[in-house]
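Participant: Structure incoming, see below.
Values in this text are rule-based calculations from the coordinates and carry no lab data. This structure is a prediction, so every number in the text was calculated from the model and none was measured. We place every Cβ from the backbone using ideal geometry, glycine too, and count neighbours over all the protein chains shown.
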Amino acid sequence: MFLPCESIVLRTAAPIEIIDITATVQTRFQQSGVRQGQLTLYSPHTTAFVCLNEREQMLQRDMLDFLHRLVPADADYRHNLDPVDGRLNAHSHLLGLFMNASETIPVADGRLLLGGWQSIFFIELDGPRDERRLLMQISGEQ
């Protein structure tokens, strides 16, 4: 059985931001009643993504520093010469080359099978934004 797609709506506050959405996803998943199957998260954005990684404050600061160093916002990018929406966001699109638009998490015995250190993150690369959406679809058996 496939449950209807749900949206997780987020507001972002920084140009690059890592938001832990694990608790939100867990709560919504528990409400589904699915015992065996999978949960898929999908970002319909070209400058915002989803990933699994460790939640640890210093590591998250390292991640932000790494992203800023990897593709600096103030470099000379052709995309920024005539941006479609007025945002100078070429660096955001380039960072997206290294990210996932979706993650699929297996479900067994009514639990998301996340690793012991894994959390679910929404990664904003072109903020701040008043509204971002992450789509969640659960499939399986109750």
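Participant: Which value, in debye to the nearest 20, describes the size of the charge dipole of the chain about its Cα centre when Lys and Arg Cβ atoms bear +1, Asp and Glu Cβ atoms bear -1, and nothing else is charged? Intermediate values should be presented prior to the final figure.
Facilitator: Details: 12 positive and 18 negative charges, 60 e Å.
Here the chain has a charge dipole of around 280 debye.
Participant: Dividing the convex hull volume of the alpha carbon atoms of the stretch 44-142 by its residue count, what do you get in Å³ per residue?
Facilitator: Spelled out: Cα convex hull of the stretch 44-142, divided by residues, is 123 Å³.
Participant: Obtain the nm distance between the two label points defined at residue 78 and residue 133 by a simple spin-label model: each point lies 7 Å from its Cα along the Cα-to-C-beta direction.
Facilitator: Reported label-point gap for residue 78 and residue 133 is 3.2 nm.
Participant: Between residue 56 and residue 36, what is the FRET efficiency for a Förster distance of 22 Å, r being their Cβ-Cβ separation, to the nearest 0.05? Don't skip to the answer; put the middle values down first.
Facilitator: Details: r = 31 Å, r/R0 = 1.40.
Using R0 = 22 Å, I get an efficiency of 0.10.
Participant: Taking a label point 7 Å from the Cα of residue 108 along the Cα→Cβ vector, which residues of the stretch 24-38 have an amide N closer than 17 Å to it?
Facilitator: 34-38
Participant: While we're looking at this one, here's another question. With angles folded into 0 to 90 degrees, how steeply does helix 57-70 sit against the dominant principal axis of the chain? Use alpha carbons for both and round to 10.
Facilitator: Around 40 degrees separate the two axes.
Participant: Please identify which residues in the stretch 99-115 have an amide N closer than 13 Å to a label point set 7 Å out from the Cα of residue 70, following the Cα→Cβ vector.
Facilitator: 99-101
Participant: May I ask for the net charge around residue 13, where only other residues with Cβ less than 12 Å from the Cβ of residue 13 are counted and Lys, Arg are +1 while Asp, Glu are -1?
Facilitator: On the way: positive: 11, 129, 132; negative: 17, 124, 130.
Within the 12 Å Cβ shell, the charges total 0.
Participant: What is the distance, in nm, between label points placed 7 Å from the Cα along the Cα-to-Cβ direction at residue 5 and at residue 46?
Facilitator: 1.8 nm
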